[in-house]
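> Mind looking over this structure? Questions follow.
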Amino acid sequence: MDNKATRSKSVKIIDGAAFDAYWSALAGNREDDRVNEAVRAVIGAVREEGDAAVRRFAARFDRSSPENLEVPPGEAKAAWRELETHEPDLASALVLAADHIRLFAERQRDQFRDFEVEIAPGLFAGQRVIPVERAAIYAPGGRFPLVSSVLMGLIPAMTAGVTETALASPPGADGLPDRRILAAAHLAGMKGRAPRIFASGGAQAVAALALGTETIPRCDVIAGPGNKYVAAAKRILFGEVGIDFVAGPTDVLIIADGALTERAANLIAADMLAQAEHDPDARARALVPSREAADSVASALKTRLAGLAAAKADDVAQASLDAGGLIIVYQDREEAIRIANAIAPEHLELHAGDVETWMRGLRNYGSLFVGDAAAEVLGDYSAGINHTLPTSGSARFTGGLSARHFLKIATTLRCAAGSGYDAALAAAEKIALAEGLAGHAGSARIRMDRL
């Protein structure tokens with residue numbers, strides 16, 4: 001096959017040799033100046049006017065502008081009771097997911113411990129793991145409110161030991177967030193302190209949580225997914241508030257090896273479509289070892305798209321695949337690993353034999369799904385790992401949301417008489433003098449003289 005991209009309905013197929021040129025063409029400044037300008041205006045207004053600005057922007061962008069921004073505490077409990085009564089299967093599924101998320105978050109939290117170690121005689125260095133005082137989770141509303149994101153955000157924050165949690169989600173026509181969002185918030189708080197809930201969405205909600213208003217408290221960390229305006233607000237306000245990371249369009253990369261059976265091609269197509277239906281900007285990609293395998297996946301995509309069309313649910317997936325669906329044909333494992341690490345996907349599925357060998361080379365991903373039984377949908381909802389993950393290649397330098405985002409690692413130093421203490425003081429004086437900082441040197445010298 002030559003290096004030119006060939007076209008199958010809804011998905012592009014290229015060979016590995018063409019990848020570098022294809023990927024370079026996608027690179028560049030992803031920031032939208034118009035979005036940034038609009039968001040800066042929102043932030044400035046919230047900074048100056050507080051609640052009044054939040055309500056004004058809600059009237060402009062949301063389905064209502066509630067007079068009371070804070071949701072009464074009883075609403076979340078009532079929403080949970082409604083869910084248990086009218087949708088008991090969903091309630092049970094959310095309970096199972098919450099239990100798994102909590103268990104995994106607790107294990108993550110256990111990895112961060114206080115310690116003190118004697119570095120040298122008389123020098124005791126240590127760390128304290130301190131939860132932030134107040135953390136906020138943003139839960140999008142939109143076409144389909146992300147109920148699972150409530151659990152994925154609030155439970156790790158509570159598990160980390162955050163003193164107070166807040167949830168912000170856009171108001172509906174009744175002035176309240178979606179009832180399922182409220183129900184999930186109640187569920188998250190059942191084994192801890194219930195979150196405060198605010199009927200506010202978009203950049204104005206992020207600004208209010210970062211800066212504080214008359215009603216909405218200033219938070220130390222804001223986490224959770226959102227649209228490009230939410231992402232821009234988090235990016236601009238970072239420094240005044242901590243954030244998890246700046247999220248872009250969601251993406252998946254699926255690696256397969258060997259000859260693909262019809263079932264294997266269908267699994268890949270199903271998982272690509274599951275990603276594509278999120279958003280027209282979502283990116284579903286696969287790495288396969290032959291053109292025959294690529295054609296099989298492309299054919300399976302057509303068939304499964306037709307099934308979505310019958311359910312009138314194909315428009316978003318079709319737009320996503322048309323814009324950025326991609327199947328890459330690789331020559332060997334080394335090329336596949338190089339391409340996967342360059343893409344640094346949010347979700348990386350490994351449908352391959354000898355997974356241990358593959359895993360040794362793969363290093364850039366938000367979550368790795370090992371084997372074709374490990375569907376991404378399990379990570380999205382119910383298996384316990386977090387679905388708030390780095391996008392747009394940021395898995396090169398960060399991981400997904402976890403208890404660590406709500407923790408501060410603060411170091412400590414304690415000193416006592418000893419040869420290590422004496423040597424460290426002498427070294428500090430010499431380094432300070434080399435840097436021309438006489439005051440620093442004097443601080444060390446006065447202690448040396450005392451000895």
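Bear in mind that the values in this text are calculations on the coordinates, not laboratory data. Computed from a prediction, not measured in an experiment: that's the story for all the values here. Don't worry about glycine lacking a Cβ; one is built from the backbone with ideal geometry, like all the others, and counts go over all protein chains shown.
> Skipping prolines and chain starts, which residues have an amide H placed within reach, meaning under 5 Å, of the one on Leu167, given they are 5 or more residues away or on another chain?
Ile137, Arg196, Ile197, Phe198
> Additional query: Quick check on the range 35-128: take the gyration tensor over C-alpha atoms, sort the square-rooted eigenvalues as a ≥ b ≥ c, and tell me if it's rounded (a/c under 1.5), prolate or oblate.
Details: a/c = 3.28, a/b = 1.33, b/c = 2.46.
Here the range 35-128 falls in the oblate category.
> Between rounded, prolate and oblate, where does the chain land on the alpha carbon gyration tensor, with a ≥ b ≥ c its root eigenvalues, rounded for a/c under 1.5, else prolate if a/b exceeds b/c?
Details: a/c = 1.87, a/b = 1.25, b/c = 1.50.
Oblate shape, in that a/c is at least 1.5 and b/c is the bigger or equal ratio.
> Shifting gears a bit: Which Cα, out of Ile119, Leu90, Trp80, lies furthest along the positive dipole direction of the range 44-141 (beta carbon charges, K/R +1, D/E -1)?
Ile119
> Is the shape of the range 286-387 rounded, prolate or oblate, going by the alpha carbon gyration tensor and its root eigenvalues a ≥ b ≥ c, with a/c under 1.5 for rounded and a/b larger than b/c for prolate? Intermediate values should be presented prior to the final figure.
Values: a/c = 1.97, a/b = 1.30, b/c = 1.51.
Cα axes put the range 286-387 in the oblate bin.
> Obtain the nm distance between the two label points defined at Glu84 and Phe397 by a simple spin-label model: each point lies 7 Å from its Cα along the Cα-to-C-beta direction.
Distance between label points: 4.7 nm.
> In nm, give the distance between the simple-model label positions of Glu262 and Val95, each being 7 Å from the Cα along the Cα-to-Cβ direction.
It works out to 4.1 nm between the two label points.
> Within 15 Å, Cβ to Cβ, of Ser92, how many net charges do the neighbouring residues add up to if Lys/Arg are +1 and Asp/Glu are -1?
Values: positive: Arg81, Arg180; negative: Glu82, Glu84, Glu87, Asp89, Asp99.
Summing Lys/Arg as +1 and Asp/Glu as -1 gives -3.
> For the range 249-261, take each phi angle, set θ = phi - 60°, evaluate the Karplus expression 6.51 cos²θ - 1.76 cosθ + 1.60, and give the result in whole Hz per residue in order, putting x for glycine and proline.
x, 6, 8, 9, 10, 10, 9, 10, 10, x, 6, 8, 6
> Helix-only mean residue ellipticity at 222 nm, the chain, DSSP H runs n ≥ 4 weighted -39,500 (n - 2.57), per residue, nearest 500. What is it?
Numbers: 17 runs with 215 residues, N = 451.
Helix contribution divided over all residues of the chain: -15000 deg cm²/dmol.
> Determine the sum of side-chain charges near Arg179: Lys and Arg each +1, Asp and Glu each -1, restricted to other residues whose C-beta is under 15 angstrom from that of Arg179. Kindly include the intermediate steps, with their values, before the conclusion.
Numbers: positive: Arg63, Lys77, Arg81, Arg180; negative: Glu75, Glu82, Glu84, Glu87, Asp174, Asp178.
Around Arg179, the surrounding residues sum to -2.
> Counting only the backbone N, which residues of the range 114-128 are under 11 Å from the spot 7 Å out from the Cα of Arg450 toward its beta-carbon?
Those under the cut-off are none; the list is empty.
> Can you give the convex hull volume of the alpha carbon atoms of the range 34-243 per residue, in Å³? Don't skip to the end; give the middle numbers.
On the way: hull volume 27.2 nm³, N = 210.
Normalising the Cα hull of the range 34-243 by residue number yields 130 Å³.
> Given R₀ = 35 Å, FRET efficiency for Ala173-Ala373 by Cβ-Cβ distance, to 0.05? Numbers along the way, then the final one.
Details: r = 42 Å, r/R0 = 1.20.
So the FRET efficiency works out to roughly 0.25.
> Sort out for me the Cα centre separation of the range 12-89 from the range 231-298, rounded to whole Å.
One Cα centre to the other: 21 Å.
> Please give the contour-minus-distance gain from Ser443 to Ala59: 0.36 nm per residue of separation, less the Cα-Cα distance, rounded to one decimal in nm. Each step should come with its number before you reach the end.
Values: separation 384, 0.36 × 384 = 138.24 nm, distance 5.83 nm.
Length gained, Ser443 through Ala59: 132.4 nm.
> Now for a different question. At 0.36 nm per residue, and after removing the present C-alpha to C-alpha distance, how many nm does the segment from Lys191 to Gln111 gain when stretched out fully?
On the way: separation 80, 0.36 × 80 = 28.80 nm, distance 2.11 nm.
Gain on stretching Lys191 to Gln111: 26.7 nm.
> Along Cα→Cβ, 7 Å out, is where each label goes; now give me the distance between the ones at Arg363 and Ala423 in nm to one decimal.
The two pseudo-label positions are separated by 3.3 nm.
> With N set to the number of residues, divide the alpha-carbon radius of gyration of the range 381-444 by 2.2 N^0.38 Å and report two decimals.
Against the compact-globule rule of thumb, the ratio is 2.03.
> To make sure I understand, if each residue's beta carbon is the centre and we count other beta carbons within 10 Å, what order do Asp279, Asp380, Asp449 fall in, fewest to most? Intermediate results must be reported in sequence, preceding the final value.
Working: Asp279 17, Asp380 23, Asp449 7.
With the fewest neighbours first, Asp279, Asp380, Asp449 line up as Asp449, Asp279, Asp380.
> As a footprinting exposure proxy, order Tyr138, Tyr421 by other Cβ within 10 Å, with the fewest listed first.
Working: Tyr138 29, Tyr421 20.
So the ranking, lowest neighbour count to highest, is Tyr421, Tyr138.
> Turning to a different aspect of this structure: I want the local charge near Gly366. Using Cβ-Cβ distances under 11 Å, sum +1 for each Lys or Arg and -1 for each Asp or Glu among the other residues. Mind dumping the intermediate values first?
Numbers: positive: Arg396; negative: Asp251, Glu346, Glu376.
Taking every other residue near Gly366 into account, the sum is -2.
> Contour minus end-to-end for Glu48 and Ala306, with contour as 0.36 nm per residue of separation and end-to-end as the Cα-Cα distance? Could the numbers behind the result be given before it?
Values: separation 258, 0.36 × 258 = 92.88 nm, distance 5.14 nm.
Working it through step by step, the gained length comes to 87.7 nm.
> A follow-up question, please. Write out the trypsin sites (Lys or Arg not before Pro) in the range 131-213 meeting two conditions: DSSP loop, and at most 10 other Cβ atoms within 10 Å of their Cβ. All intermediate terms of the calculation are to be shown ahead of the outcome.
Working: sites: Arg134, Arg143, Arg179, Arg180, Lys191, Arg193, Arg196; in loops: Arg143, Arg193.
Within the range 131-213, the qualifying trypsin sites (Lys or Arg not before Pro) (loop, at most 10 other Cβ atoms within 10 Å) are Arg143.
> Along the range 57-65, what does the Karplus equation 6.51 cos²θ - 1.76 cosθ + 1.60 (θ = phi - 60°) give for ³J(HN,Hα), rounded to whole Hz, x for Gly and Pro?
5, 5, 4, 7, 10, 9, 7, 6, 10
> Sticking with this structure for a sec: Tell me which residues come under 5 Å, amide H to amide H, from Arg283 once H is placed; ignore anything under 5 positions away on its chain.
Thr250, Asp251, Val252
> For the range 344-451, run through the trypsin sites (Lys or Arg not before Pro) and keep only the ones in DSSP coil with at most 13 other Cβ atoms within 10 Å of their Cβ. Spell out each step's value before the answer.
Values: sites: Arg360, Arg363, Arg396, Arg404, Lys408, Arg414, Lys430, Arg445, Arg447, Arg450; in loops: Arg363.
Here the trypsin sites (Lys or Arg not before Pro) that fit, given the DSSP loop and packing criteria, are Arg363.
> As a footprinting exposure proxy, order Glu82, Glu37 by other Cβ within 10 Å, with the fewest listed first.
Working: Glu82 15, Glu37 10.
Ranked by crowding around the Cβ, least crowded first: Glu37, Glu82.
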